[in-house]
Amino acid sequence: MEETPRSGPAPRGTVTQRAIERIKAMIGEGLLEPGQRLPTERDLAAQLGISRSSVREAIRALTVLGVLEARHGSGIYVTALEAGDLLETFGVVADLSRGPRLVELLEVRRILESTATALAAARITPEQLAVVAEHVAAMNATDDPEEILAHDLAFHRAIAAAAGNGTLAAILEGLSSRTFRARVRRGHQEEGAFARTRREHAAIHRALAARDPEAARAAAAAHVGEVEEWLRARAGT
């Protein structure tokens, strides 16, 4: 199928990239709403003036990105467009990065996590604070690395949730996957950093309990920054 000539400058990139951008534009302009079923592949190709094969590839790409989802026997739908779904692939970058790139990701995490912790100090509910305290106590009660890792993840996830910003929490989730933390922590904990981690978590918890955003920000930055500096020294950056 030949493309229909259009006025104005042609978009850059491949035909598939143009199809991706046009479908994204339809969603951004409200022509396709979250949860809405897409037109058939044939109809969408005709509507966009793009070949069916390019539309098919665009749909596949947007499905991988969490923008679209295929429902067996029903068709292709726009997802709920939740931040967690759209940023899910972000975690792959953290899981596969090494050396200087891994240090860069720790730097980003330090910046964002300190901000999230400051927000949490201002917004955390008594129930959310109790969950954070439970994970602090659980980490203090064990020397098992796997249990410590599990509670470390849950501790930071609870704080991110308490910050009240779903997009920020989703980004931090990508930067804090179990695989990512295990890789960073493995060597770090072998150097006897369990006690330091417990102290730093306790400091963060105290700042949250005091509802002190600046103290919470500083405690979180110091916590992530300590690991960042250790990793920076290992990477020679």
Inset, instruction - Can you tell me how much longer the chain between residue 234 and residue 64 gets when fully stretched, taken as 0.36 nm per residue apart minus their C-alpha distance, in nm with one decimal? - result: 57.8 nm
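Normalised by the number of residues in segment 30-177, what is the relative contact order in percent for Cα pairs under 8 Å and 6+ residues apart?
Numbers: 155 pairs, mean separation 37.1, N = 148.
With pairs under 8 Å counted, the relative contact order is 25 percent.
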Inset, instruction - Describe numerically, in nm with one decimal, the distance between label points set 7 Å from Cα along Cα→Cβ at residue 74 and at residue 31. - result: 2.4 nm
Inset, instruction - Measure off 7 Å from each Cα along the Cα-to-Cβ vector at residue 98 and residue 198, then give the distance between these two points in nanometres to one decimal. - result: 3.4 nm
Inset, instruction - Using 0.36 nm per residue of separation minus the Cα-Cα distance, give me the extension gain between residue 88 and residue 56 in nm, one decimal. - result: 9.3 nm
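Just so you know, all these numbers are worked out from the coordinates, no wet-lab data involved. Because the structure is a prediction, the values reported are computed rather than measured. Heads up, the Cβs are rebuilt from the backbone with ideal geometry, glycines too, and the neighbour counts pull from every protein chain shown.
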